[in-house]
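Derivation of every value follows stated rules applied to the coordinates shown; laboratory data play no part. Since this is a predicted model, take the numbers as computed values, not measurements. Cβ coordinates were reconstructed from backbone atoms using ideal geometry, including for glycine residues, and neighbour counts include every protein chain displayed.
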Amino acid sequence: MAAALANPHRRLRRLLLTEAAEEAIAARLPRPWAITAERAEREQLDRLLGRDAVHQGAALHADPLVAPPLAQVLERPGPLVVLDQLADPRNIGAILRSAAALGAAAVIVQERHAPEETGALAKAASGALETMPLLRAVNIARTLVALKAADLFVVGLDAAAPPLSGSDLADRRVAIVLGAEGEGLRRLTRETCDTLAGISIQGGGLLDSLNVSAACAIALYELGRR
């Protein structure tokens with residue numbers, strides 16, 4: 001919440017806070033804020049957001065951020081993360097958080113098969129939604145072709161492939177591609193990658209034993225060890 005309030009590119013519509021939430025956010029982000037907070041009770045937020053929502057006494061209505069064009073993103077340093085039809089907003093949020101922490105340039109999702117910027121996604125991202133570019137591609141395979149034309153080496157994560165080695169990619173800029181939860185990479189996405197790689201874990205297991213967001217974090221860390 002504090003990251004969204006501090007983001008000058010975020011158009012804010014309405015901010016509802018309990019007294020405790022307002023004090024907590026003010027401790028992290030001193031006023032003045034770009035929007036005036038309205039006092040609310042937890043019961044009001046429960047009715048507005050649903051009782052299953054973990055809102056911690058705060059609700060912000062804001063417009064989605066405008067994604068930069070791919071050409072602008074390619075000017076940023078670091079690897080790119082491409083998500084092939086991931087549907088869980090919490091996984092995408094966690095991937096955004098790892099991408100921001102581990103030096104990625106951007107995260108790319110498929111436009112028609114990825115969740116919108118929901119509260120669940122923003123909460124899982126822990127502020128990274130405000131700093132990590134999130135692009136939406138109409139066609140993942142064509143996007144990978146564009147990345148290869150920009151001299152990126154495209155690595156698809158696959159459980160059956162040899163382990164990813166950052167040292168083997170020391171002289172390349174990499175785009176890491178992860179498939180949907182439980183399904184993995186689609187055939188055309190897999191065929192468009194330059195190579196496939198897995199992630200070894202103790203006990204001899206590979207990528208299929210890991211949550212997709214955890215696999216992404218490990219892959220980015222491995223690339224950073226180059």
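Descriptive notes on the structure:
- Principal-axis tilt of helix 140-149 within the chain, Cα atoms, nearest 10 degrees: 70
- Debye intensity ratio in log₁₀ form over the Cα atoms of the stretch 50-150, taken at each q of 0.10, 0.15, 0.20 Å⁻¹: -0.27, -0.60, -1.02
- Inter-centroid distance (Cα atoms) of the stretch 10-26 relative to the stretch 185-202, Å: 42
- Sorted from greatest to least, the principal axis extents spanned by the alpha carbons of the stretch 1-89 come out as 44, 32, 20 Å.
- From helices alone, the chain scores -9000 deg cm²/dmol at 222 nm; the rule is -39500 (n - 2.57) for each run of n ≥ 4 DSSP H residues, then divide by the residue total.
- Amide H to amide H, with H built 1.01 Å from N, residue 82 comes under 5 Å of 108, 176, 177, 178, counting only residues 5 or more places away or on other chains.
- For the chain, the residue among 3, 215, 109 whose Cα projects farthest onto the positive side of the dipole built from Cβ charges is 3.
- Stokes-Einstein diffusion for the chain at 10 °C, viscosity 1.306 mPa s, with a Kirkwood radius from C-alpha pairs, works out to 85 µm²/s.
- Taking the Cα centre of the stretch 86-171 as origin and assigning +1 to Lys and Arg Cβ atoms and -1 to Asp and Glu Cβ atoms, the resulting dipole is close to 200 debye.
- Ellipsoid fit via the Cα gyration tensor, the stretch 141-187: semi-axes of 19, 16, 6 Å, each the root of five times an eigenvalue, largest first.
- Among 44, 85, 110, the largest mean-square fluctuation in a Gaussian network model of the chain (Cα springs under 10 Å) belongs to 44.
- The mean of 1/r over all pairs of different alpha-carbon atoms in the stretch 106-226, once inverted, gives a Kirkwood hydrodynamic radius of 15.2 Å.
- Sparsely packed loop sites in the stretch 15-104 (the GluC sites (Glu not before Pro) outside DSSP H, G, I, E and B with at most 15 other Cβ atoms within 10 Å) comprise 41, 75.
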